[in-house]
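A.B. asks: Supplied in structure tokens, the structure appears directly below.
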Amino acid sequence: MHIVITSQKTSTLDRWQRVFEGCADVTCRRGLRAESPVDAVLMAGLFAHERYGGRPSFSEAEVLENRRGDGWPDLVIVPPTRPMTKDSEGNWKVHADYVDIQPAYFAASRSFQAIVDWNSTHEVSISAVELNLGLMNMDNPVDDSSARAFRSAFEEYRERLL
């Protein structure tokens, strides 16, 4: 599996490139989107659901088919947010079992699991994915934790993604 990480912000991309240094199957590219062909793009539900359908999920990533002919890949992977629950005052908060899980790790690991599941049930597999930092709300030039969490999840799933 090959991952193409894209951002229009050089400082953000430099940070992610340092975190993924030594990963031959990860490429960082400055720009709006990947220049090389990819099978799917990771996109936060905030951007994906209205355009491509699907519904927000607190536990599983969705793989949506892009039938719009809009230049984005044929598949859009929408990571879940961490499970939420209402507290005694009626306010939403992260479920206690997930509060210690880094949001980027949760999103990445569930997205990789969705790719593994897709590849096991579909004739045409996902072998190249764009991680568009802007469309994932991860385009923060001072945030190392998201990049490290994403790499950690990738390392855990790497063998199953081949």
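The values are calculated or read from the model by the stated rules, or taken from the named source; none is laboratory data. In this text the structure is predicted, and so the values were computed from the model without any measurement. In this analysis, Cβ positions are derived from the backbone assuming ideal geometry, glycine residues included, and neighbour counts consider all displayed protein chains. To get the accessible areas, we keep the full protein, side chains included, count just its heavy atoms, and leave off ligands, DNA and RNA. Shrake-Rupley method; radii C 1.70, N 1.55, O 1.52, S 1.80 Å.
A.B. asks: Output yes when any residue across the range 50-60 is open to solvent by 40 Å² or more (accessible area, probe 1.4 Å), over 29 Å from residue 15 (Cβ atoms) and in a helix (DSSP H, G or I), and no when none is.
C.D. replies: yes
A.B. asks: If you don't mind, another one. Among (1) modelled with pLDDT under 90; (2) over 16 Å from residue 59 (Cα atoms), which single condition is residue 102 missing?
C.D. replies: (2)
A.B. asks: Can you name every residue in the range 112-128 that is over 12 Å from residue 39 (Cα atoms), of a type outside the set (Phe, Trp, Tyr) and in contact with a helix residue (DSSP H, G or I) (Cβ under 8 Å, 6 or more places away or on another chain)?
C.D. replies: Matches in the range 112-128: 113, 116.
A.B. asks: Can you tell me how many residues within the range 65-79 are surrounded by 19 or more Cβ atoms within 10 Å (Cβ to Cβ) and not aromatic (Phe, Trp, Tyr)?
C.D. replies: Qualifying residue count for the region: 7.
A.B. asks: Can I ask one more? Mind telling me which of the residues 129, 142, 124 ends up being open to solvent by 60 Å² or more (accessible area, probe 1.4 Å) and closer than 25 Å to residue 8 by Cβ?
C.D. replies: It is 142.
A.B. asks: Which ones in the range 70-100 are closer than 25 Å to residue 150 by Cα and among the charged types (D, E, K, R)?
C.D. replies: Across the range 70-100, the qualifying residues are 74, 82, 93, 97, 100.
A.B. asks: Out of the range 114-145, which residues are closer than 17 Å to residue 41 by Cβ, in a helix (DSSP H, G or I) and not β-branched (Val, Ile, Thr)?
C.D. replies: Across the range 114-145, the qualifying residues are 114, 118, 119.
A.B. asks: Oh, and also: Could you tell me which numbered condition residue 31 fails, if it satisfies all but one of (1) within 18 Å of residue 134 (Cα to Cα); (2) within 15 Å of the chain's Cα centre (by Cα)?
C.D. replies: (2)
A.B. asks: Specify the residue that is nearest to the chain's Cα centre (by Cα); the eligible residues are those in the range 1-13 that are touching a residue at least 24 places away in the same chain (Cβ under 8 Å) and closer than 14 Å to residue 140 by Cα.
C.D. replies: Restricting to residues being touching a residue at least 24 places away in the same chain (Cβ under 8 Å) and closer than 14 Å to residue 140 by Cα, the top hit is 5.
A.B. asks: Looking for whichever is farther than 24 Å from residue 84 by Cβ and within 16 Å of the chain's Cα centre (by Cα) here; the options are 140, 119, 132. Which one fits?
C.D. replies: Checking each option against the conditions leaves just 132.
A.B. asks: Residue 46: within 16 Å of residue 139 (Cβ to Cβ), in contact (Cβ under 8 Å) with a residue 12 or more places away in the chain, within 16 Å of the chain's Cα centre (by Cα) and buried (at least 19 other Cβ atoms within 10 Å of the Cβ), yes or no?
C.D. replies: For residue 46, the condition - within 16 Å of residue 139 (Cβ to Cβ), in contact (Cβ under 8 Å) with a residue 12 or more places away in the chain, within 16 Å of the chain's Cα centre (by Cα) and buried (at least 19 other Cβ atoms within 10 Å of the Cβ) - is not met.
A.B. asks: Further, regarding this structure: So if I check each of 39, 87, which one is under 19 Å from residue 160 (Cβ atoms) and more than 13 Å from the chain's Cα centre (by Cα)?
C.D. replies: 39
A.B. asks: Let me ask something additional. Can you tell me which residue among 36, 59 is touching a residue at least 24 places away in the same chain (Cβ under 8 Å), polar (S, T, N, Q) and either touching a Ser or Thr at 6+ places or on another chain (Cβ under 8 Å) or farther than 23 Å from residue 105 by Cβ (or both)?
C.D. replies: 36
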